[in-house]
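Worksheet: one structure, shown below.
The values are calculated or read from the model by the stated rules, or taken from the named source; none is laboratory data. It should be emphasised that the depicted structure is a prediction, and the values quoted were computed from it without experimental measurement. So basically every Cβ, Gly included, is an ideal-geometry build from the backbone, and we count neighbours across all protein chains shown. When the accessible area is computed, the model is the full protein with side chains, heavy atoms only, and any ligands, DNA or RNA have been set aside. Shrake-Rupley method; radii C 1.70, N 1.55, O 1.52, S 1.80 Å.
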Amino acid sequence: MKVSLIALGCKVNQYESESIAKKLKDNGVSVSFNLEPSDVFVLSTCAVTNEAERKSRGYIAKIKKISPKAKIYVLGCSSQNNPSSFAKFEGVYAVYGTGKKMDIADLILKSKKGSNNKIDINYEDNFTPLPSHTRAYIKIQDGCNNFCSYCLIPYLRGRSRSRNFESVKAEIAMHAKTSKEVILTGIDLSSYGLDLSPKSSLIEVAKIFKEFPCLRFRFSSLEAGIITPEFLEILKGLDNFCPHFHLSMQSGCDKTLKDMNRHYTSAEFLEKIKLIRKFFPNAAITTDVIVGFPTETEEDFEASYQTCKKANFAFIHIFPYSKRSGTVATKFPNLATNVKERVGKLTKLRDEMATAFVKKLKGKAFGLLVEAKLSADGEPCGHTENFIKCYLKKGTKVVPNNIYKVKIIEPYKDGAMVSLEEK
Ligand code: SF4
């Protein structure tokens, strides 16, 4: 039997998909992560935007085109939100939402049908995915209690819940044998450990890496509230911490932040950035910004734009607002206009700041983790500890899954051209 697993959306979906693959592989099943002819497909869906849901549904047709007789198992946020929009298709064998996902592996092994739309209360321990060879994601938390007014995730993935601390430690130890870098991930990573008894926290997980000095680590995304001098002081003491802070801002306008139910002001957010730069002067600080939130007037957008400028981000992921039925924000009057122009203006700023960030680091040395895949132009490439995408001259002799000391030469493509210093 051959099973193809397609994970759409976030790294948590990807991790869960790889967990199911591990169980199948352990039972002699051949697995692939590509859309290619197979007997069975596992489709992990996403509901973060309307477009993501449309894309998830669209995959059913793509699958049926290449393997008309295949059995399809669907799970994730979009099938949690709208199970019937998947169940109606012939060949769909199971529709699960965000709960009991690991059951899918057993259903496939027994060639059984099934459905589940219950959201988990407790953290569902996944099968530990196959060890990766360069960069591995480790899921340690699920769900969210924040209820940002534009977001459906808390309704689809349930309350924040953390993975058992010892289970996290065991997976880190496993990756320390094969990988050079791991990324801790979750839906609201910053709330890790608050629900555990005894309580724990994200910084306690970070301290585990002291025991594995050869394994560098980073966080996938953080909320501003977790950034404190104590948090940064401890990270500063961990040589294998990668100083890349993806700090989700969403808007730089105080009025919009309030309407989004985000619990900080633009001034407080900028203070957090200042604090990070005090401890990590070369850190990359990246963020997410929603443009066109219903109550965002032209003045509000300008305020948000100016905050982005002051923050001087290394990169901004820009999202046009997506109206999600069932969220509080749908009740607001829509005052947002010229969304396309706003996105264009912010994109221009983002690109200027991204180039300036690399230029500022010209001549500085970093640790480049070389990835297996060459660039489209055949250049060896990878990421530094502060997550700059770097390219070496074509033909440079380096071995993937190794960290090389490099020096930044200049901005290049979506990152920087670098030269080898020494291994
Ligand atoms: S923090 Fe806000 S945006 Fe993020 S998953 Fe939770 S509710 Fe959604």
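Go over the candidates Phe86, Phe127 one by one and state the one that is in contact with a helix residue (DSSP H, G or I) (Cβ under 7 Å, 6 or more places away or on another chain), at pLDDT below 95 and aromatic (Phe, Trp, Tyr).
Every option except Phe127 fails the conditions.
Restricting to region 87-138, name every residue that is surrounded by fewer than 19 Cβ atoms within 10 Å (Cβ to Cβ) and touching a His at 6+ places or on another chain (Cβ under 9 Å).
Correct list: Pro131, Ser132, Arg135.
Only one of these is farther than 17 Å from Ile316 by Cβ and without any contact (Cβ under 8 Å) to a residue 60 or more places away in the chain: Thr337, Thr355. Name it.
It is Thr337.
Within region 144-197, track down each residue that is part of a loop (DSSP other than H, G, I, E, B), of a type outside the set (A, V, I, L, M, F, W, C) and either more than 12 Å from the ligand (Cβ to nearest atom) or farther than 18 Å from Asn122 by Cα (or both).
Ser149, Tyr150, Arg163, Asn164, Lys177, Thr178, Ser179, Lys180, Tyr192, Gly193, Asp195, Ser197
Do we have Leu420 as open to solvent by 10 Å² or more (accessible area, probe 1.4 Å) and either part of a loop (DSSP other than H, G, I, E, B) or β-branched (Val, Ile, Thr) (or both) here?
no
Evaluate the following for Phe245: is it among the hydrophobic types (A, V, I, L, M, F, W, C), in a strand (DSSP E or B) and in contact (Cβ under 8 Å) with a residue 12 or more places away in the chain?
When the stated conditions are applied, Phe245 passes them.
How about region 324-335: which of its residues are farther than 13 Å from Asp259 by Cα and either in contact with a helix residue (DSSP H, G or I) (Cβ under 6 Å, 6 or more places away or on another chain) or open to solvent by less than 80 Å² (accessible area, probe 1.4 Å) (or both)?
Arg324, Gly326 - these are the residues of region 324-335 that are farther than 13 Å from Asp259 by Cα and either in contact with a helix residue (DSSP H, G or I) (Cβ under 6 Å, 6 or more places away or on another chain) or open to solvent by less than 80 Å² (accessible area, probe 1.4 Å) (or both).
Among the candidates Ser160, Ser266, single out the residue that is within 30 Å of Val343 (Cβ to Cβ) and among the small types (Gly, Ala, Ser).
That would be Ser266, the only listed residue that is within 30 Å of Val343 (Cβ to Cβ) and among the small types (Gly, Ala, Ser).
Considering only region 106-125, how many residues are of a type in the set (Gly, Ala, Ser) and part of a strand (DSSP E or B)?
2
For Glu16, are the conditions met, namely being in contact (Cβ under 8 Å) with a residue 40 or more places away in the chain and outside the structural domain of Lys139 (by TED's automatic domain parsing)?
Criteria met by Glu16.
Assess whether Gly252 counts as being open to solvent by less than 10 Å² (accessible area, probe 1.4 Å) and in a loop (DSSP other than H, G, I, E, B).
Criteria met by Gly252.
What are the residues in region 203-247 that are open to solvent by 10 Å² or more (accessible area, probe 1.4 Å) and within 14 Å of the ligand (Cβ to nearest atom), if any?
Ser220, Ser221, Glu223, Gly225, Ile226, His246 - these are the residues of region 203-247 that are open to solvent by 10 Å² or more (accessible area, probe 1.4 Å) and within 14 Å of the ligand (Cβ to nearest atom).
Go over the candidates Ile108, Ile138, Ile153 one by one and state the one that is within 30 Å of Gly367 (Cβ to Cβ) and among the β-branched types (Val, Ile, Thr).
Ile138
If I filter region 300-309 for residues that are on the phi < 0 side of the Ramachandran plot, touching a Pro at 6+ places or on another chain (Cβ under 9 Å) and open to solvent by less than 60 Å² (accessible area, probe 1.4 Å), do I get at least one hit?
Taking every residue of region 300-309 in turn, none turns out to be on the phi < 0 side of the Ramachandran plot, touching a Pro at 6+ places or on another chain (Cβ under 9 Å) and open to solvent by less than 60 Å² (accessible area, probe 1.4 Å).
State which residue is farthest from Ser304 (Cα to Cα) when the search covers only region 367-382 and only residues that are open to solvent by 10 Å² or more (accessible area, probe 1.4 Å) and in contact (Cβ under 8 Å) with a residue 60 or more places away in the chain.
Once the filter is applied, the top-ranked residue is Ala372.
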